[in-house]
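Written out below as structure tokens is the structure these notes cover.
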Amino acid sequence: MTERKSLGEELAAADDEPVARATSPSLATLWQRRIGRRDVLAGFGKAALLASVSPAILSLAACGDSYAPDDIFGFEEVPRGVDETHHIAADHNADVLIRWGDPVLPNAPPFDIANQSAAAQLRQFGYNNDYIGFVPLPLGSNSSDRGLLCIHHEYTNDNLMHAGMTAEDPRENFTREIVEISMAAHGGTIVEVARGKDGKWLVVRDSEYNRRITPLTTDMTISGPAAGHPRLQTGEDPTGHNVIGTINNCAGGITPWGTWLMSEENFNFYFIGEPADEMEAANHARMGFPAGRAYPWGLYHKRFDLSVEPKEPNRYGWVVEVDPLDPFSTPVKRTALGRFKHEGCENAATKDGRLVIYMGDDQQFEYLYKFITAGKVDSDDRAASASLLDEGTLYVARFEEDGSGKWMPLVHGKNGLDAANGFASQADVLIETRRAADLVGATPLDRPEDVEPNPATGKIYVALTNSKERRQDQVDGVNPRAANLWGQIVEMEPGDGDHGSENFTWTLIVKCGEPRFPAIGAAWHPDIGENGWFTCPDNMAVDPKGRLWVATDQGSGWDASSGSADGLYALATVGEKRGLARRIFRAPIGAEVCGPCFTPDGTTLFLAVQHPGADGTKNYKGFERDSTFEDPATRWPDFEPGMPPRPSLLVITAKNGGPVGA
Ligand code: FEO
Ligand code: CA
Ligand code: CA
Ligand code: CA
């Protein structure tokens, strides 16, 4: 009999299964630069523009001209290893900003581990912080002292949240209150943060922007080609236009108009029951239903029971757009961006000013996508962008062995995406994006996670985390290793230097893993040191100098993958040191590192430590067992008796106040 995994382990492993403060150019110049033009559009410079330019664009202010190709990271590396706490490079600070349970809304009660309730959790910081987006305040400024953080709460480790929940099978203990605490701890948080007089970042407790978004209470609408389709209609919502909440939100993005894109990743884990509607059987199977053991939300919320609502899964797996500037706005699921296990929604601009969103589908043998809006970004009119993501073209990537590649449009009526193949309309193509991508000959990848365009170079970086199921006969150029426990990072260059091109070239900048063992087949810059190499790249960020930062997620397999705890690494992508990495941060046992996010001036790095004490503690020497609430492998970051580990956001700064990692 195979060993039974805990729910937390199953979810953590889910991805593994196949199926400037300085003077800056004007805002108008920044956008023009971004799209490769210097002629300034009429209307730029009006006050309205302040509501339309993103931190991503603003970050160009500090890079571009000042980019030094040979600039390598000057900090002292953190040594490899694993222990109960985090480690940051010398001359840097890592301060806890907000933890699971900390108050978010003005009326939130203080965290009380022994007396949790869904009502309290709805007002407090959620669990398992993942993506972090920074929207400077005032909107359109390049403030690095004040802004909104938009944070995903991917999932819950209920056995580490409540007394008496065992790792083996917490479900028997799932009361309605515990289910609803779990639901309330999912979703997202918007919180205003600002630097105090001492330079330290603080949460603005009484900010009118502070908001929790949850699958328990947040009403959302569905828009785009699949909205209202019968396959999205349920007993609770016969219109197919309204849904409550978002789940399993992983790496995301911020648009140029300052909205937040929340990805929906492993949504299949949230449904119980056997589907009564066989019409969706193949669709559900392709998305990983049944998921084996699931969060038992369906016991009390019937929309998560397939035997009651077999079409409810079709209402998840999308990208959700949220306006953080309006705490009363209704989030919108944008179906035009496709339905899959979304990971990463970072953007770039085409030369003619349309927006391109790059997205991974994080599962073994799944695909890389991009979406290009039909309309151009109107920098003069924020409201005009309100439906920009409803119309456009979704593409999936095909990687050729000669280093070229093609973006294949997923458009109804083209490339076999027609009625003969079960696609009656574009809605069907979008609902079953994976099957459409299969048909057009997309390249199955080693778990595409975050995708990061580098505005300084125009190149795109794709984190392929790992793929232990890939066999030798399935190896190809972009997925060059069988039983790949280590992952690789793909560097792509758009055709004609235009993100709108259907062509690209690609190369692998690094093949991860221990460089001293030839059998692993790792590839790094020859100067790579014992503390610089890493495995399982997941979330990434580009800093204002155009340097790439990579966070890792080895999961329970950390021992076999690298033997060191997860961390954050700086990776040189240009110049003589290209392919050289350095570790700036190491996580506590059982945690992965998520959401690296820089302020526009690069002097602050927000970092998420997710599921501390949870993953792979059986291989932690001296502990060698699963963590439980009563007996966790670490009590990071509080280290107080009776307090379990708490997922938390850290603020990383250099002690001299300069750029992080300089
Ligand atoms: Fe949620 Fe793909 O990590
Ligand atoms: Ca991830
Ligand atoms: Ca990212
Ligand atoms: Ca992850």
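The values are calculated or read from the model by the stated rules, or taken from the named source; none is laboratory data. The model shown is predicted, which means the values in this text are computed figures rather than measured ones. FYI the Cβ positions are ideal-geometry reconstructions off the backbone, even for glycines, and counts take in every protein chain you see.
Once segment 614-636 is narrowed to residues that are within 16 Å of ligand 4 (Cβ to nearest atom) and small (Gly, Ala, Ser), the residue that is surrounded by the fewest Cβ atoms within 10 Å (Cβ to Cβ) is 616.
Evaluating residue 576 against the criteria (1) modelled with pLDDT under 95; (2) touching a strand residue (DSSP E or B) at 6+ places or on another chain (Cβ under 7 Å) leaves one unmet condition, (2). Out of the residues in segment 585-596 that are more than 16 Å from ligand 1 (Cβ to nearest atom) and closer than 29 Å to residue 192 by Cα, which is surrounded by the fewest Cβ atoms within 10 Å (Cβ to Cβ)? So the residue we want is 588. Restricting attention to segment 129-159, the residues being within 16 Å of ligand 3 (Cβ to nearest atom) and hydroxyl-bearing (Ser, Thr, Tyr) number 1. Summed over segment 531-544, residues that are touching a helix residue (DSSP H, G or I) at 6+ places or on another chain (Cβ under 7 Å) and either of a type in the set (Phe, Trp, Tyr) or away from ligand 2 (no atom under 15 Å from the Cβ) (or both) total 1. Of all residues in segment 347-364, those satisfying the criterion of being outside any strand (DSSP E or B), out of contact with any Gly (no Cβ under 6 Å at 6 or more places or on another chain) and more than 16 Å from ligand 3 (Cβ to nearest atom) are 352, 353, 363. Residues that are within 15 Å of ligand 3 (Cβ to nearest atom) and assigned to a strand (DSSP E or B) are absent from segment 322-340. Do the conditions hold for residue 647, that is, is it of a type outside the set (A, V, I, L, M), under 20 Å from the mean Cα position of the chain (by Cα), crowded, with 24+ Cβ neighbours inside 10 Å and closer than 24 Å to residue 261 by Cβ? The answer is yes for residue 647. Restricting attention to segment 435-454 and to residues that are surrounded by 22 or more Cβ atoms within 10 Å (Cβ to Cβ) and over 19 Å from residue 508 (Cβ atoms), the residue that is farthest from ligand 3 (Cβ to nearest atom) turns out to be 436. When the criteria are applied in full, residue 476 meets the requirement of being surrounded by fewer than 16 Cβ atoms within 10 Å (Cβ to Cβ), in contact with a strand residue (DSSP E or B) (Cβ under 8 Å, 6 or more places away or on another chain) and outside any strand (DSSP E or B).
Beta carbons closer than 8 Å, at least 6 apart along the sequence or on distinct chains, pair a first residue in segment 99-125 that is at positive phi with a second that is modelled with pLDDT of 95 or more for 101/111; 101/113; 101/116; 101/121; 101/124; 101/125; 101/646.
Being of a type outside the set (Gly, Ala, Ser), outside any strand (DSSP E or B) and buried (at least 24 other Cβ atoms within 10 Å of the Cβ): is that true of residue 549 here? It is false that residue 549 is of a type outside the set (Gly, Ala, Ser), outside any strand (DSSP E or B) and buried (at least 24 other Cβ atoms within 10 Å of the Cβ).
If only residues of segment 615-635 that are hydrophobic (A, V, I, L, M, F, W, C) and touching a Ser or Thr at 6+ places or on another chain (Cβ under 6 Å) are counted, the one that is nearest to residue 251 (Cα to Cα) is 633.
When every residue of segment 113-136 is checked against the conditions, none turns out to be modelled with pLDDT under 95, touching a helix residue (DSSP H, G or I) at 6+ places or on another chain (Cβ under 8 Å), farther than 28 Å from residue 563 by Cα and surrounded by 18 or more Cβ atoms within 10 Å (Cβ to Cβ).
If you go through segment 599-612 and keep only what is in a strand (DSSP E or B) and either within 16 Å of ligand 4 (Cβ to nearest atom) or acidic (Asp, Glu) (or both), you end up with 607, 608, 609, 610. Comparison of 276, 282, 294 shows that the only residue that is modelled with pLDDT under 95 and touching a strand residue (DSSP E or B) at 6+ places or on another chain (Cβ under 8 Å) is 294. Of all residues in segment 544-566, those being touching a strand residue (DSSP E or B) at 6+ places or on another chain (Cβ under 8 Å) and at pLDDT below 95 number 2. In segment 465-477, is there at least one residue being at pLDDT 95 or above, of a type outside the set (Phe, Trp, Tyr) and within 16 Å of ligand 3 (Cβ to nearest atom)? Taking every residue of segment 465-477 in turn, at least one turns out to be at pLDDT 95 or above, of a type outside the set (Phe, Trp, Tyr) and within 16 Å of ligand 3 (Cβ to nearest atom). Among the conditions (1) farther than 19 Å from residue 427 by Cβ; (2) more than 16 Å from ligand 4 (Cβ to nearest atom); (3) not aromatic (Phe, Trp, Tyr), residue 343 misses just one, which is (2). Scanning segment 292-321 for residues that are within 23 Å of the chain's Cα centre (by Cα) and assigned to a loop (DSSP other than H, G, I, E, B) yields 294, 295, 316, 317, 318. In the set 254, 213, only one residue is modelled with pLDDT of 95 or more and touching a Cys at 6+ places or on another chain (Cβ under 8 Å); that residue is 254. Restricting attention to segment 560-598 and to residues that are among the hydroxyl-bearing types (Ser, Thr, Tyr) and closer than 16 Å to residue 73 by Cβ, the residue that is farthest from ligand 4 (Cβ to nearest atom) turns out to be 573.
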